[in-house]
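The values are calculated or read from the model by the stated rules, or taken from the named source; none is laboratory data. None of the values given here were measured: they were computed from a predicted structure. Note that each Cβ is placed from the backbone with ideal geometry, even for glycine, and that neighbours are counted across all protein chains shown.
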Amino acid sequence: MPRVFQALAGLALLFVATFGIATRAGEVITSADYKVLVPIRHGNLAVFPVVASASHDTSQFLTLDEGLKSGEVEVTESGMVRGLIRRPPKDGVVIQPRYPVGDVAQVNKLVLVNNSKRPLLLLAGEIVTGGKQDRVIAKDRIVPPESDPIDLDVFCVEPGRWVGTSAKFVSGGIAHDSNGVMAAPSVRGSAMADKDQNKVWAQAGHAREQVTVEAQASLPPVAAERAELSRELSQTTSYAKVMQNDQIQAKVNSIARPIEQEYESTIKQLRDRKAVGVVVAVNGEIVWADIFASTSLLEKYWPKLVRSYATEAVVTRAKGAQVTESAAQVFLADMHGRHETVDSEPGLYRHTEIAGDGFKAFALTSLLPKTGFALHISKMTE
């Protein structure tokens, strides 16, 4: 069996019949285990709900938004961490915890401490704001409970600032949106697949410019109002702050809310059928898929995911032919790659990147006790 399928074992992916995968229990999972449903459409955005034949218990996992809001998770610039390095007792004597001496702040590196008693799930594309620059998380990973400070790979999405605004980072948009901010697929994909800071800046800049243009176009034809919006947005290079602007939010929400509300209803109706993800099409082209290990995990991320998809629809206005369910199903099924890269922390997680013809896919598999399944799978068109 190809090693790529072994890396994805434990989650019921929709594969074409010729590509069965064996789970840890030895059973073979085929295309019948995953189903793409009728899409929810609004303008040039189409979201295809996906249901699975199997679901997993993900209640032990803490999300980044939850951890930052509770204060159990801290994210700081390198060299500014205040998390403790815990040391076990030696010969009955408790060794006093110490603070690490870190490097100076770095554009592509932050430090994270998980002080909670739950493992922390991080998703590529989640934005944290504060410090010297806003950052986007570069790849999916799991952080163990009560962790020592860890280096967190990130990319900057705010090129015009290198001055500290706060000692700690918060979830992007936490003051405006209880679910934080997820980067649009084009920005997210640059971080995950290209791993290139300049490309991330370019995509983030394009998104900022285009949503501004679209927001201005939706305003009444009064020069003063449009000029004020331009003036306000010209004062920041922060992707998150632009997305928090009231006019920008109104434009994104005009697309996101109908999709969000209808899919929330769909999730409730399909809870017994295990709705676990979506395939996303913009302008008649499939661009992305997000699949989770459980319906409850999908529900936690759904509010900020749907706004990221809506942002992509705003910045790419042209409308093409509609994507069919069968095409979305084929996209989800094709995971046969030409190259595979695996990054693993034994006993914690395995992160698999698959490069195929015209796509890249990423799978985060939990290796914690009583798990062994993929928590999150994302796939992008290249």
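Kindly provide the set of residues from segment 298-346 that are of a type in the set (F, W, Y) and in contact with a strand residue (DSSP E or B) (Cβ under 8 Å, 6 or more places away or on another chain), ordered by number.
The answer is Y301, Y309, F331.
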Open item on the list: Looking for something in a strand (DSSP E or B) and modelled with pLDDT of 90 or more - is there at least one such residue anywhere in segment 310-324?
Closed with: no
Open item on the list: Quick test for you: out of L305, L364, L332, pick the one residue that is among the aliphatic types (A, V, I, L, M) and either within 16 Å of F61 (Cβ to Cβ) or loosely packed, with under 15 Cβ neighbours inside 10 Å (or both).
Closed with: L364
- [ ] Take A355 and decide whether it is crowded, with 24+ Cβ neighbours inside 10 Å and within 21 Å of the chain's Cα centre (by Cα).
- [x] no
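Could we say that L121 is at pLDDT 85 or above, closer than 22 Å to E158 by Cα and either touching an Asp or Glu at 6+ places or on another chain (Cβ under 9 Å) or part of a loop (DSSP other than H, G, I, E, B) (or both) here?
When the stated conditions are applied, L121 does not pass them.
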TODO: Could you please let me know if D194 is under 16 Å from T76 (Cα atoms), surrounded by fewer than 19 Cβ atoms within 10 Å (Cβ to Cβ), out of contact with any Ser or Thr (no Cβ under 7 Å at 6 or more places or on another chain) and at pLDDT 90 or above?
DONE: no
Task: Residue tally, condition crowded, with 23+ Cβ neighbours inside 10 Å and within 19 Å of K379 (Cα to Cα), over segment 128-139 - done: 2
TODO: Looking at (1) assigned to a strand (DSSP E or B); (2) farther than 26 Å from Q203 by Cα; (3) of a type outside the set (S, T, Y), find the lone condition where L364 falls short.
DONE: (2)
Open item on the list: For segment 233-271: of the residues being modelled with pLDDT of 75 or more and touching a Leu at 6+ places or on another chain (Cβ under 7 Å), which is nearest to A184 (Cα to Cα)?
Closed with: I255
